[in-house]
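Asker: Here it is: the structure, laid out below.
The values are calculated or read from the model by the stated rules, or taken from the named source; none is laboratory data. This structure is a prediction, so every number in the text was calculated from the model and none was measured. Note that each Cβ is placed from the backbone with ideal geometry, even for glycine, and that neighbours are counted across all protein chains shown. The protein model used for the area step is the full one, side chains on, heavy atoms only, and it has no ligands, DNA or RNA in it. Shrake-Rupley method; radii C 1.70, N 1.55, O 1.52, S 1.80 Å.
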Amino acid sequence: MHFLLVHTPFLGPSVWATLVAVLARDGHSASAPDLRAGLEAGAGAYEAIGYQLSAIVTERTVIVAHSGAGGLIPSIRGSSSPKPRIVFLDALLPHPDRSWLQTLPPAAAEQLVSLALDGRAAAWPTWLSAGYLSHILPRLETREALVAEAPRVPLSFLRARAPPSHDWAKRLDSAYLQLSPAYKAEADAAERLGWPVVSYPGHHLSMITDPERVARSLLSLTIESA
């Protein structure tokens, strides 16, 4: 099988580097396309990224969506033939007809917009409390690569409503891997939908620091959801 690793709109493809290496070592292929150019389409980013990734989906593809990339899944899968299996990795679930900002508590959305400059949100690492990133990513080189890639996402994308997708949950062949407590509600929702769910006490970027365990969990979920 081939793992197509979809990074959140708020980071770059380097978040997958250690996981790609572990999967390759164990005989599995994986790729992590850079989606940042597609975000420049603003309100058209859902369509642009869906088209970009659907072009490389095959019958052997398993899509792994991290964090905010979960909202892109209906657009990616809807543009693909054949239809790939999906693993949501500490990810937002799809939110058709709602914008990404509408998935946040109103106060958090207002604060994010208030800190924007030139129509772009501040880069994701600046949202974090002091010391958090160095706590979960102790290697300076790793942190620097992540920060360097983090884009300032256009507000036009964050305000755009995700395309309508009726009965998306029934049409997705999906599983959920929860890494951090912050995504417990999404994991619980996935369980209510009848999806296979694995949870363990890691952090939001555990695929960087614990790629072996994440790879094992992905493989077990992929077999279970097949």
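Asker: Over the chain, give the accessible area per residue in Å² for a 1.4 Å probe, as an integer.
Answerer: Accessible area per residue, the chain: 45 Å².
Asker: Now a separate question. Among rounded, prolate and oblate, which fits the chain when a ≥ b ≥ c are the square roots of the eigenvalues of its C-alpha gyration tensor, a/c under 1.5 means rounded, and a/b larger than b/c means prolate?
Answerer: rounded
Asker: Okay, moving on. Expressed as a whole percentage, what fraction of the accessible surface of the chain belongs to carbon and sulfur atoms when a 1.4 Å probe is rolled over the protein heavy atoms?
Answerer: Solvent-exposed carbon and sulfur of the chain make up 55 percent of the total.
Asker: Work out which trypsin sites (Lys or Arg not before Pro) in the chain are exposed loop sites (DSSP not H, G, I, E or B, at most 13 other Cβ within 10 Å) and give the longest gap free of them.
Answerer: Excluding the exposed sites themselves, the longest stretch runs over 140-226.
Asker: Can you list which of the GluC sites (Glu not before Pro) found in the stretch 43-127 are DSSP loop residues with at most 11 other C-beta atoms within 10 Å?
Answerer: Passing sites in the stretch 43-127 are E59.
Asker: Using +1 at the C-beta of Lys and Arg and -1 at the C-beta of Asp and Glu, which of A150, S165, S220 has the Cα lying farthest in the positive direction of the dipole of the stretch 127-226?
Answerer: S165
Asker: Computed over the Cα atoms of the stretch 169-219, what is the convex hull's projected area averaged over all directions, in nm²?
Answerer: 3.5 nm²
Asker: With a 1.4 Å probe and every protein chain left in place, tell me how much accessible area H135 has, in Å² to the nearest 10.
Answerer: Roll a 1.4 Å probe over it and H135 shows about 140 Å².
Asker: May I pose another question? Please give the Cα centre distance for the stretch 1-80 versus the stretch 160-189, rounded to the nearest Å.
Answerer: That distance is 16 Å.
Asker: Now, a different point. Taking H as built 1.01 Å from N, whose amide H comes closer than 5 Å to the amide H of Y200, not counting residues under 5 places away?
Answerer: Residues meeting the criterion, in which the H sits 1.01 Å from N, are Q178.
Asker: Rounded to the nearest 10 Å², what accessible area does I136 show when all protein chains are kept and the probe is 1.4 Å?
Answerer: Rounded to the nearest 10, the figure is 10 Å².
Asker: Considering the chain as a Gaussian network with a 10 Å cut-off on Cα pairs, which listed residue, G194, G78, G12, attains the greatest mean-square fluctuation?
Answerer: Between G194, G78, G12, it is G194 that shows the largest mean-square fluctuation.
Asker: Please give the charge dipole size of the chain, origin at the Cα centre, charges +1 on K and R Cβ atoms and -1 on D and E Cβ atoms. Round to the nearest 20 debye.
Answerer: 200 debye
Asker: Solvent-accessible area of D173, probe 1.4 Å, all protein chains present, reported in Å² to the nearest ten, please.
Answerer: 60 Å²
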